[in-house]
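Below you'll find the structure, written out as structure tokens, and then a few comments.
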Amino acid sequence: MTKASDLFVQCLEEEGVEYVFGVPGEENLDFLDSLSRSTKIRLILTRHEQGAGFMAATYGRHTGKTGVCLATLGPGATNFVTAAAYAQLGGMPMMMITGQKPIKKSKQGRFQILDVVDMMGPITKYTRQLASADNIPSRVREAFRLAEEEKPGATHLEFPEDIAEEQTDSVPLKRSLVRRPAADEKAVRAAVQRIECARAPIMVIGAGANRKMTSRTLLQLIEKTAIPFIATQLGKGVIDERHPRFLGCAALSSGDFCHRAIEAADLIINVGHDVIEKPPFFMKQGGPDVIHVSTNTASVDPVYFPQIEVIGDIANAIWQIKERIVPQPAWDCRPMFRARAAEVAHTAGLCGDERFPIFPPCLVERVREAMPADGIICLDNGVYKIWFARNYPARAPNTVLLDNALATMGAGLPSAMASKMVHPERKVMAICGDGGFLMNSQEMETAVRLKLDITILILRDDAYGMIRWKQANMGFADFGLTYGNPDFVQYAESYGAIGHRVDSAESLPGILAECLATPGVHLIDCPVDYSENDRILNHEIKELSAKL
Ligand SMILES: Cc1ncc(C[n+]2csc(CCOP(=O)(O)OP(=O)(O)O)c2C)c(N)n1
């Protein structure tokens, strides 16, 4: 016979779990005791359940394997809600374990008791209470299977105290070998035929294409056909953005140079489209045809009704298209490249502006220069996310971690920490606004304790800048969005991190280089000048691209 909590840990080991991120409560103590005897799984104690959840989700995003996090009942579980939604919308495999009071003989009324299983319903793929020790292996297997299956997301198991103490003769279940179905050959043939008779095909790479194998086969297709491509924010980095056929990232909703490139197409090959992201184009009757290549069929709406769907494993579908297609000399994508050339010239013009506080396009360029090709930047949510998505050329998959799904503030630092744990050999930088950073800044203690070599770049404008920008743009008076800040350098040092202050545009490259080269947790307080966001992002770009 085995104690239920020992069996639970054995099941996690069988799944290949390396870390459990979390904040235990007394209802998790049996589980914690069992975990203490695991030689394969390490507990990563965080300072808030949200930090644990963001780390687990990011672990899942990098590895494709389910990241696991742990919290107590009631308040611990409610603190998981944002992280669960982050994983669920962002397509990151993650499993939450929460404790619960005894379910068979509770003596405590409803103290701290919420219906957590129900609460998790709308924001997970699977949520269950473990009501019997005998069911632990099948429930855990199901939670992992569903978390990892396309589209990946969040799952939840509630482990009540009295069940954790039970004895059982159940044993862990082995992982199953699952292969996604391959796309139907007829659908592939129809797609190939349509592409071959297009006048100006373009490819749009979205969130669902952000998987290792897809990246490789997509590159082969682009190399063979020279069909140009744009990326959505969550498709960023699937193909190296220095590629000569790259036409830009759709960071703005409309009116950018890359939207002009799409308008020049008569056929859009939409790879890995996910409704979670605002699409860079809206279909209209009589407009360009769309080929939808995805693991799931398209949900049709008035602005999305693809003519051909190639459904199945995306990497395989792209590979099949690549094998069959014959590149056509009649394809003419020159107007798309005129739009791209105009964008490159415009960006280059902005980057020379060495004003202080730092000008966002210049900042993006300095960070790109400082980061190696495989370095990872992890963005929180704020105005700078648009600048980075738009202007920072990603050179490898999953090197620009941004959240264009839930778009929550507070995930920048935890996602950088998990990135460093998954890729200890790579340089990792969290890029946060002063608002987003302070939502989970306490995890600096975790980062220092874990001895993670990371850099946290804080863009300080003493305001919720993104909302302030929208407020001005909508013609409202400047109200309710500014605040004070701690002295970030002293704040970092109080955690045992190393603080740096940018006091001129010239000092930024040296500080970035020093932080990336020196061990430890580095925090950079970098004042930023957002005064021209509106002029450039909302007006100049639209006016210039409209002239093309
Ligand atoms: C948890 C959460 N709360 C509120 C918002 C709405 N929101 C989006 S961006 C933003 C301001 C971000 O401010 P900051 O982190 O300082 O970055 P900045 O825009 O100033 O660069 C707010 C409040 C959000 N996305 N997530």
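Restricting to region 467-494, name every residue that is within 13 Å of the ligand (Cβ to nearest atom) and farther than 30 Å from Leu252 by Cβ. Residue satisfying the conditions is Gly484 alone. The condition (being under 28 Å from Ile314 (Cβ atoms) and either part of a helix (DSSP H, G or I) or modelled with pLDDT under 95 (or both)) is satisfied by just one residue among Arg141, Arg110: Arg141.
Looking across Lys174, Lys186, Lys212, Lys151, one residue alone is more than 28 Å from Pro335 (Cβ to Cβ) and without any contact (Cβ under 8 Å) to a residue 24 or more places away in the chain. It is Lys186.
How many of the residues in region 505-548 are crowded, with 16+ Cβ neighbours inside 10 Å, under 15 Å from Val367 (Cα atoms), touching a residue at least 40 places away in the same chain (Cβ under 8 Å) and more than 16 Å from the ligand (Cβ to nearest atom)? So the answer is 6.
I'm checking my understanding of the structure. Among residues of region 424-462 that are more than 13 Å from Phe488 (Cα to Cα) and near the ligand (Cβ under 8 Å from one of its atoms), which one is surrounded by the most Cβ atoms within 10 Å (Cβ to Cβ)? Checking each candidate, the answer is Gly436.
If you go through region 379-436 and keep only what is assigned to a loop (DSSP other than H, G, I, E, B), touching a strand residue (DSSP E or B) at 6+ places or on another chain (Cβ under 6 Å) and under 15 Å from Leu363 (Cβ atoms), you end up with Asp380, Gly382. Quick check on region 59-69. Is at least one of its residues over 22 Å from the mean Cα position of the chain (by Cα) and over 19 Å from Asn381 (Cβ atoms)? No. Inside region 151-169, residues that are within 24 Å of Ala83 (Cβ to Cβ) and assigned to a loop (DSSP other than H, G, I, E, B) make up a count of 3. The helices (runs of 4 or more DSSP H) falling completely within region 170-273 that include 1 or more residues that are touching a Ser or Thr at 6+ places or on another chain (Cβ under 6 Å) map to 257-263.
If you check Met92, Met96 for being among the aliphatic types (A, V, I, L, M), part of a loop (DSSP other than H, G, I, E, B) and closer than 30 Å to Ala207 by Cβ, only one passes: Met92. In region 190-217, the residue that is modelled with the lowest pLDDT out of those that are within 33 Å of the chain's Cα centre (by Cα) and among the charged types (D, E, K, R) is Lys212. Restricted to region 193-243, and to residues there that are more than 20 Å from Asp289 (Cα to Cα) and of a type in the set (Val, Ile, Thr), the residue that is surrounded by the fewest Cβ atoms within 10 Å (Cβ to Cβ) is Thr217. Conditions first: (1) surrounded by fewer than 23 Cβ atoms within 10 Å (Cβ to Cβ); (2) outside any loop (DSSP other than H, G, I, E, B). Lys284 passes all but one, so which condition is the exception? Among (1) surrounded by fewer than 23 Cβ atoms within 10 Å (Cβ to Cβ); (2) outside any loop (DSSP other than H, G, I, E, B), Lys284 violates only (2).
Glu166 fulfils the conditions (1) within 19 Å of Arg61 (Cβ to Cβ); (2) out of contact with any strand residue (DSSP E or B) (no Cβ under 7 Å at 6 or more places or on another chain) except for a single criterion, (1). Of the strands (runs of 3 or more DSSP E) that lie entirely inside region 6-76, those containing 2 or more residues that are in contact with a Cys (Cβ under 9 Å, 6 or more places away or on another chain) span 19-23. Taken over region 393-415, the criterion of being within 15 Å of the ligand (Cβ to nearest atom) and either buried (at least 22 other Cβ atoms within 10 Å of the Cβ) or in contact (Cβ under 8 Å) with a residue 60 or more places away in the chain (or both) is satisfied by Leu402, Asp403, Asn404, Ala405, Leu406, Thr408, Gly410, Ala411, Gly412, Leu413, Pro414, Ser415. For region 376-387, the tally of residues that are within 11 Å of the ligand (Cβ to nearest atom) and of a type in the set (A, V, I, L, M, F, W, C) stands at 4. Within the set Gly121, Gly109, Gly91, the sole residue that is free of Cβ contacts under 8 Å to residues at least 40 places away in the same chain and at positive phi turns out to be Gly109.
The values are calculated or read from the model by the stated rules, or taken from the named source; none is laboratory data. Computed from a predicted structure; not experimentally measured. In this analysis, Cβ positions are derived from the backbone assuming ideal geometry, glycine residues included, and neighbour counts consider all displayed protein chains.
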